[in-house]
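Engineer: One structure is given below, represented as structure tokens, and several questions about it will come after.
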Amino acid sequence: MATLKILEFPNPNLRKIAVPVTSFDSDLKCLIDNMFETMYEANGIGLAATQVDVHKRLLVLDVSEERNDPKVFVNPTIDVIESDLADYDEGCLSVPGFYETVSRPKKITVSAQDKEGSQFEIEADGVLSVCIQHEIDHLDGKLFVDYLSPLKRNRIKDKLQKEQKSISS
């Protein structure tokens, strides 16, 4: 397994729309393994393929305290069950060091395929629901900072760009 490079905001590749996965082969399984390793190494709870510059509709997550409940969602879609919104402090491996409050639907149904291509559906609420919605946003070229005011979003962008320049020089 290998740790992959996580793209950071405002990298334009984070805005690419992911395409459906059509081949459930050994390359996909290797990518999934590498994404889990990358996510765990970065202390994240979710990672979308878009964040590692692979533009396929794939996300991995593990919201368990013990880090022992990995979940794979290939070609996920969501339906809102409960439209009431809940506020959560969200962070993102592509926006390191920032946490902001985002409002999202409380309860969703997720339809997806597993790494073998078998279809499944689950209901999700709480942090699982938030994480799935956050990662699917990545697949659609959207980041949690897009839910913030333009002023906040630009402050975050400016600070990250400054940090990225100081690292590269």
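Engineer: On average, how much accessible surface per residue is there in segment 12-148, in Å², for a 1.4 Å probe, leaving out ligands, DNA and RNA?
Structural biologist: Accessible area per residue: 46 Å².
Engineer: Rank ILE78, ILE156, ILE122 by mean-square fluctuation in a GNM of the chain with C-alpha springs under 10 angstrom and give only the top-ranked residue.
Structural biologist: ILE122
Engineer: Measuring from label point to label point, each 7 Å out along Cα→Cβ, what is the THR101 to CYS30 span in nm?
Structural biologist: Each label point is offset 7 Å from its Cα along the Cβ direction, giving 4.6 nm.
Engineer: Could you work out the relative contact order of the chain? I mean the mean sequence separation of Cα pairs under 8 Å and 6+ apart, divided by the number of residues, in percent.
Structural biologist: 23
Engineer: Using a 7 Å offset from the Cα along the Cα-to-Cβ direction at both SER168 and LEU85, what is the distance between the two label points in nm, to one decimal?
Structural biologist: For the pair SER168/LEU85, the computed spacing is 3.5 nm.
Engineer: Leaving out ligands, DNA and RNA, and with a 1.4 Å probe, what % of the accessible surface on segment 128-169 is carbon or sulfur?
Structural biologist: That share works out to 51 percent.
Engineer: How much of the accessible area of segment 31-121, in percent, comes from carbon and sulfur atoms when a 1.4 Å probe is used?
Structural biologist: 42
Engineer: Let me ask another. Which whole-Hz ³J(HN,Hα) couplings does segment 103-115 yield from phi under the Karplus relation 6.51 cos²θ - 1.76 cosθ + 1.60, θ = phi - 60°, glycine and proline marked x?
Structural biologist: Ordered by residue, 3J(HN,Hα) equals 9, 9, x, 5, 9, 9, 10, 10, 10, 7, 10, 8, 5 Hz.
The values are calculated or read from the model by the stated rules, or taken from the named source; none is laboratory data. Worth saying up front: this structure is predicted, and the values here are computed from it rather than measured. Quick reminder, even Gly has a Cβ in these numbers, built from the backbone with ideal geometry, and neighbours come from all protein chains shown. Heavy atoms of the whole protein, side chains included, go into the accessibility calculation; ligands, DNA and RNA do not. Shrake-Rupley method; radii C 1.70, N 1.55, O 1.52, S 1.80 Å.
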